[in-house]
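Undergrad: Take this structure first; my questions come after.
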Amino acid sequence: MAAAAIKPKVVVVMPAYNAEKTLARTVADIPEGSVDAIILVDDRSKDQTVAVARQLGLRVIQHDSNQGYGGNQKTCYREALAAGADIVVMIHPDYQYDARLVPYLTGIISGGICDVVLGNRIRTRQEALGGGMPFYKYLSNRLLTVIENLAMGQNLGEWHSGLRAYSRKVLETIPWEQNSNDFVFDCEFLVQAAALGFRLGDIPAPARYFEEASSINFQRSLRYGLESLNTLIRYYLHRLKICRCPLFVPR
């Protein structure tokens, strides 16, 4: 009789900032038994996020100073790896992403189909806009995704989702410590994953935009878009051996 497959250890990480109003709902949506641990990293919230997280029984790590969205993720992944995670799922605690999708994200990775799986909020234009996504964000997401797919040889529905699952090997290979501490961290990570040969995939996820959900303004969005394009340029300069970039050198 064949030995039973060893169940991978799944750790959810939550990069948190002022999420007291939405954290409990986000945690409640994670299917029971689908994760082994939840780690919340608080980036100096000004509300009661930490208190709520502790009431929910989460493992809480507090930054001494604000590290930014990317900086928060760096702590998340360090702690998840140290906790022995085989698969790490990032969920924003602002309830913008559907935590019920966790077992589907992890199943694709544990099944050996993909190494990175994202939640794709843009299955159709009607659904994305109907979920409250601002039109300028929808349009910029579409344009950037087309460019990024072409540049990196991928076919993702969107490159800018904050719902993501990674295998341990991905996190042990990609030099994410070199990435920005700002929002472009997410784009840099996907370019790195594609450049280093990992298999990327996605599943449909509903778009949720509402008052309590975090969202960057137009100016920050514009900056993010330009930094994303700059990441592609840096990758190609590295690939053509014109200018070495540490972002694309495996750990």
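Undergrad: How large is the charge dipole for the range 76-215, taken about the Cα centre, if only the Cβ atoms of Lys, Arg (+1) and Asp, Glu (-1) carry charge, to the nearest 20 debye? Present the calculation step by step, with values, prior to reporting the outcome.
TA: Details: 12 positive and 16 negative charges, 82 e Å.
That gives a dipole near 400 debye.
Undergrad: A further question on this structure: For Cα pairs less than 8 Å apart in space and 6+ apart in sequence, what is the mean separation divided by the residue count of the chain, i.e. the relative contact order in percent?
TA: Rounded, it is 22 percent for the chain.
Undergrad: Restricting to the chain, compute how many DSSP beta bridges are antiparallel as a %, nearest 5.
TA: Numbers: 7 of 26 bridges.
Of the beta bridges lying entirely in the chain, close to 25 percent run antiparallel.
Undergrad: Sticking with this one: Run the quick spin-label model on Arg251 and Ile6: label points 7 Å from Cα toward the beta carbon, then report their separation in nm to one decimal.
TA: 1.9
Undergrad: As a test of the formula, what do you get for the chain when each DSSP H run with n ≥ 4 contributes -39,500 (n - 2.57) and the sum is divided by the residue count, at 222 nm and rounded to the nearest 500 deg cm²/dmol?
TA: That comes out to -12000 deg cm²/dmol.
Undergrad: At Glu32 and Leu229, where each label point lies 7 Å from the Cα along Cα→Cβ, what is the point-to-point distance in nanometres?
TA: Here the modelled spin labels are 5.0 nm apart.
Undergrad: When the Debye formula is applied to the Cα atoms of the chain, each taken as the same point scatterer, what base-10 log of I(q)/I(0) results at q = 0.10, 0.12, 0.18 Å⁻¹?
TA: With one equal scatterer per Cα and no solvent, log10 I(q)/I(0) is -0.46, -0.67, -1.61.
Undergrad: Once you have the Cα-Cα distance between Val146 and Tyr209, take 0.36 nm times their residue separation minus that, and quote the gain in nm to one decimal.
TA: Stretched out fully, the Val146 to Tyr209 stretch lengthens by 20.4 nm.
Undergrad: Simple spin-label model, 7 Å along Cα-to-Cβ: Phe218 to Ala83 in nm?
TA: Distance between the two pseudo-spin positions: 4.0 nm.
Undergrad: Additional query: Test of understanding: in a Gaussian network model of the chain with alpha carbons linked when under 10 Å, which of Leu58, Leu150, Leu101 would top the mean-square fluctuation ranking?
TA: For the chain, modelled as a Gaussian network with Cα springs under 10 Å, the answer is Leu150.
Undergrad: Right, here's the next one. Plugging the Kirkwood radius over Cα pairs into Stokes-Einstein for the range 92-154, at a temperature of 10 °C and a viscosity of 1.306 mPa s, what D comes out in µm²/s?
TA: For these conditions, the coefficient is 117 µm²/s.
Undergrad: Turning to a different aspect of this structure: Can you name the helices of the chain, as whole DSSP H runs, whose Cα span along the helix axis is 18 Å or more and whose Kyte-Doolittle mean is not below -1.0?
TA: Working: long enough: 68-82 (21 Å, -0.90); 135-152 (25 Å, 0.41); 218-239 (32 Å, -0.55).
The qualifying helices are 68-82, 135-152, 218-239.
Undergrad: At a Cα cut-off below 24 Å, give the lysines reachable from Lys9, other chains included and same-chain residues fewer than 8 away excluded.
TA: Output for Lys9: Lys74, Lys169.
Undergrad: On a full-extension model of 0.36 nm per residue, what is the gain between Leu196 and Tyr104, subtracting their alpha-carbon distance, rounded to one decimal in nm?
TA: Full extension from Leu196 to Tyr104 adds 30.7 nm.
Values quoted throughout were computed directly from the atomic coordinates according to the rules given, and no laboratory measurement underlies them. Everything quoted here is computed from the prediction, not taken from an experiment. In this analysis, Cβ positions are derived from the backbone assuming ideal geometry, glycine residues included, and neighbour counts consider all displayed protein chains.
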